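These notes are about the structure you will find just below.
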């Protein structure tokens, strides 16, 4: 008799646990495990984000997303990375990467 009552309760508990486990979003699954020592040209970069303990990751890193949607991790203390972030934040950044635009001559 106890089995008839206990079995449905166990099945219900198992179903609830499975439902909760499916809904858990693990932010640490997309964390950088190491950082690159290379440099990346600004013209390749579309955006960046910063990861660290506040985002569920052990390693603090700057994650640049390229225009080809690849993610590359860099050390946030690297001066070249800090300069790249500063350049990305600058709204007056020229998209032609330093090439001045030609202006039309006005004929008098």
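If you go through segment 29-59 and pick out every residue that is touching a strand residue (DSSP E or B) at 6+ places or on another chain (Cβ under 6 Å) and surrounded by fewer than 14 Cβ atoms within 10 Å (Cβ to Cβ), you end up with 5. Taking segment 60-75 as the range and being surrounded by 15 or more Cβ atoms within 10 Å (Cβ to Cβ) and more than 13 Å from the chain's Cα centre (by Cα) as the test, only 75 passes. I'd like the full set of residues that are at pLDDT 95 or above and assigned to a loop (DSSP other than H, G, I, E, B), limited to segment 70-108. If the condition is that a residue be at pLDDT 95 or above and assigned to a loop (DSSP other than H, G, I, E, B), then 70, 75, 76, 77, 78 are the ones that fit.
The values are calculated or read from the model by the stated rules, or taken from the named source; none is laboratory data. Just so it is clear, the model here is predicted, and its values are computed rather than measured. Neighbour counts run over all protein chains shown; Cβ positions are idealised from the backbone, glycine included.
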